[in-house]
Amino acid sequence: MSPEARKLARQLLDRLDGQTESPTTAGAPAPHAATAANRPARGHGAATSPRPTVHRTPNRPTRQRSRTQLTDLPQVQESLARDKELTDGLAAVNRPSPYYRCHEGPNGATIQLDNREFINYSSYNYLGLANHPRLIAAANEALDSYGTTSGATRIVSGNITLHHELEALLAETYDVDDATTVGSGYLTNATVIGFVLGENDLAVCDSLVHNSIVTGTQWAGCQRLQFRHNDPESLDTLLTRTRSHFERAMVILEGVYSMDGDYVALPEMIEVARRHDAFVMIDEAHSFGVLGERGRGIRELFDLPGDAVDIWMGTLSKALANHGGFIAGNRDFIHACRMSAPGMSLYAAGLTPATAAGTIEAIRVIADEPERLQRLRANSERFLDGAKAAGFDVGPAHGTPIIPVMIGSTHKAVQAAVLLADAGINVNPIAYPAVAEREARLRFFLSSEHTTEMIDHTLKLLTEISAVL
Ligand code: PMP
């Protein structure tokens, strides 16, 4: 190494250690300084900033502390106690916990648990595509061509044509310029909201939005307020009172609400948001593949133009029977997300080749086999009408494959799920903290692959069990 090269290397090492200050950067913010709107993921990006100097006072005796254990944390204790109460209660009556059970084979209208087959209402596989031969063949072909992984973050060398092919299909679905995919649906919400909003901004959310949206607002460091579920008047009142205190505002909605099984009053929400100069973002996790004539989601249902909202977001893990998320919208915005939003393609690996290929095929199958959507609609209607006729409270559910049956307490909801499981029906109880205690429920996810016999049998059993409870 030449003396010049050695000197340069020394200078660079010193800068990385934060021990010297370059005259050009002294007093200026670090190149990657975290702003509220664009905070680099911890540990990444930060590598180029000077490390903070740790000042140690010499000769002061350090107090011996007993080592803190993770299991002493109150949140850990609380979680373990809640789970133990449930597990012990069920063990006393010789039943397994309904949570984290392993299934064998696909998760569809039926499911295999501990060598027993159940009628299943606990899967997002709305159109029965998870084991469709065309999806499996497409995923296998991608595995053969590319291997198991795209090999790196997309911005470095992990980009493949399958990613762009899928993104073009998604953009076409929404009639927008472009789309980008992300390795996880949860991460998609967290990262895009964290990228768009900052400290001086406001996120106005429906009271039932998913936890990933709440996390996004926390990453953004913005103020988060919620309006009454699916109520445009409540949104209007909230924005009228608060909008002027913030630089930017974004209204965040879902196409289908997964707890209550209703769909958003989108045109009214957009009208209110635009009147108050707020962006609109919509999460289509449970509406893509489900709503609209061809399953193209809430935009198709209401016949809206692509630019009716600013960010169309969706997940690949529900009707599309894969894994990951996406956003679709304006070309420059999507490009900026690809280049700079930390959790998308910058510091996170993209979809695996098999996932990208499987999702492309899912979109094609939805178009080629419209009878799946028709069956899903018919099944959902049959279940909803039957539940109502039997006198169950199904909340505001309508027009979607998600049907909650209100039970009224965690205890009874778990009991009902156990009794149904005994009779060969798998449905999850939804309890506190996912919903308020008095709103504990059984939540039924319908699929195109349920038969009318399965549905009628389930409703009959549910009626008998609720009489006992
Ligand atoms: N948004 C909504 C509305 C969801 O229901 C979910 C997951 N159930 C997510 C986002 C996160 O998606 P994923 O599980 O695909 O990461």
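What follows draws every value from the coordinates through simple rules; no lab data is involved. As the structure is a prediction and not an experimental result, all values here were calculated from the model. As a convention, Cβ positions derive from the backbone with ideal geometry for all residues, glycine included, and neighbour counts pool all protein chains shown.
Observations
- The loop-placed chymotrypsin sites (Phe, Trp or Tyr not before Pro) in segment 82-182, going by DSSP, that have at most 11 neighbouring Cβ atoms within 10 Å of their Cβ come out as Tyr99, Tyr100.
- The Cα-based radius of gyration and maximum Cα-Cα distance (Dmax) for segment 133-368 are 17.3, 57 Å.
- In a DSSP loop and with at most 13 other Cβ atoms within 10 Å, there are no trypsin sites (Lys or Arg not before Pro) in segment 381-469.
- Separation in nanometres of the label points that stand 7 Å from Cα toward Cβ, at Ala336 and Leu90: 4.7
- Between Ala434 and Asn140, the contour length at 0.36 nm per residue exceeds the Cα-Cα span by 102.2 nm.
- Violating pairs (Cα-Cα greater than 22 angstrom) within the set Lys84/Lys412; Lys412/Lys460; Lys318/Lys412; Lys388/Lys460: Lys318/Lys412
- Here segment 133-368 is treated with +1 on each Lys and Arg Cβ and -1 on each Asp and Glu Cβ, and its dipole about the Cα centre works out to around 540 debye.
- Subtracting the Cα-Cα distance of His103 and Glu172 from 0.36 nm times their residue separation leaves 21.3 nm of extension gain.
- Sparse-neighbour loop sites [trypsin sites (Lys or Arg not before Pro); segment 57-143; at most 16 other C-beta within 10 Å; DSSP]: Arg63, Arg65, Arg67, Arg101
- Spin-label model, Ser409/Ala389: points 7 Å from Cα along the beta carbon direction are separated by 3.2 nm.
- Label-to-label distance, nm, for residues given as Arg364 and Asp231 (7 Å Cα→Cβ offset): 4.7
- Within the shell of other residues whose beta carbon sits under 12 angstrom from the beta carbon of Asn428, the net charge comes to +3, with Lys and Arg scored +1 and Asp and Glu -1.
- Largest-first ellipsoid semi-axes for the chain, taking √(5λ) over the Cα gyration tensor eigenvalues, angstrom: 42, 28, 25
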